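Reviewing the structure listed below.
No value in this document is a laboratory result; all are computed from the given coordinates. Because the structure is predicted, anything quoted here is derived from the model rather than measured. Backbone-built Cβ (ideal geometry, glycine too); neighbour counts: all protein chains shown.
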């Protein structure tokens, strides 16, 4: 079977002219330094571009070079990432920077295939870095690009399908210009972000609408097709607030792998179906080296993640005996020191509730005084 050839210079020229006249003003586009491109692409994964801007600028002030990042502590890296979510991205970026410094003489790999060997760099990110920073002709297929291409060629397969992505990549290579491949990728992504929107595409101002098969059918908003999303799991969670003399609170660092990995928290446990809240908290503190008495619920909040909803019940706990000083994941921390720790948003919320007026002015800690309940939602 012969490969399809869809090369369309008229469409390519129309899209590139539109892009040159309507580029998004993004700080990382002012510098094609591979490190800038890499950091911006990692930050933008599953995150709104407008939310990335301040984080990127602060990051470049603190870690202006790959060497500065590689030599930083994980604690500093996570603290600067705090609030951006999906913290594994920060840990992988930190690990990869060290790897590039040690194994590649500080030079970020240039090719799509080499970039994929770095921690946290998948197909899309490798293609974006290779094309934007090094001019490699490789389609970058983020959500915006997949939406544009699937409508352009009316591809009736779900975006989660590996076959669908391979199909789009093959077709995209036939229209991607040999010159400025990075600009082409940005043009497609910008079109998806500003014109070819998920539910209500602005077809009347699309520069390539005459080439769009989905527009020709009269219902471009139907594409792309997606696998049905599963509802987030609701999990009851107990949080124990243990305070000792001189306003010191027990905190522990979460395991590096998993949800909110490597961040500090007030001891927290998901309540198992066969256990009561009291039993779950007592077992958690026993594992940490404490015998405690559980107090009544004093605060409640709901924290939403992409796949999970925590229904969090916050209790004071009172020390009866014990402390295993060998556990280096534990720390007694006073409120002024909280600001120095990398903490997930739910625990920043609890810290703010414990120390009015808010210790973290950027944290929304409004709550219903009658029910002592607050709500968060973040990725």
Between 0 and 90°, nearest 10: helix 123-134 axis offset from the chain longest Cα axis: 60
May I ask for the Kirkwood hydrodynamic radius of the range 197-338, worked out over all distinct Cα pairs and given in angstroms to one decimal? 18.7
Three semi-axes of the equivalent ellipsoid, the range 1-110, Cα gyration tensor, whole Å, largest first: 32, 19, 14
Normalised radius of gyration for the chain, please: alpha carbon Rg relative to 2.2 N^0.38 Å, two decimal places. 1.16
Sequence-separation-based contact order of the range 211-275, relative, with Cα cut under 8 Å and 6+ spacing, percent: 28
Where the eigenvalues come from the Cα gyration tensor of the range 60-152, what are the semi-axes √(5λ) of the equivalent ellipsoid, largest first, in whole Å? 26, 18, 10
From DSSP H assignment alone, runs of 4+ in the chain each adding -39500 (n - 2.57), the sum over residues rounded to the nearest 500 puts [θ] at 222 nm at -12000 deg cm²/dmol
At 1.567 mPa s and 4 °C, plugging the Kirkwood radius over alpha-carbon pairs of the range 9-222 into Stokes-Einstein gives what diffusion coefficient in µm²/s? 72
If you take every DSSP beta bridge whose two residues both sit in the chain, what share of them, in percent to the nearest 5, is antiparallel? 60
Given a cut-off of under 8 Å on Cα pairs at least six residues apart, what relative contact order in percent is computed for the chain? 15
Roughly what angle does helix 49-62 make with the longest principal axis of the chain, taking Cα atoms, 0 to 90 degrees, to the nearest 10? 70
Output ordering of 110-120, 93-103 (per-residue mean of other Cβ within 10 Å, highest first) is 93-103, 110-120
Of the peptides 172-180, 144-152, how do they stack up when ordered by the mean number of other Cβ atoms within 10 Å, highest first? 144-152, 172-180
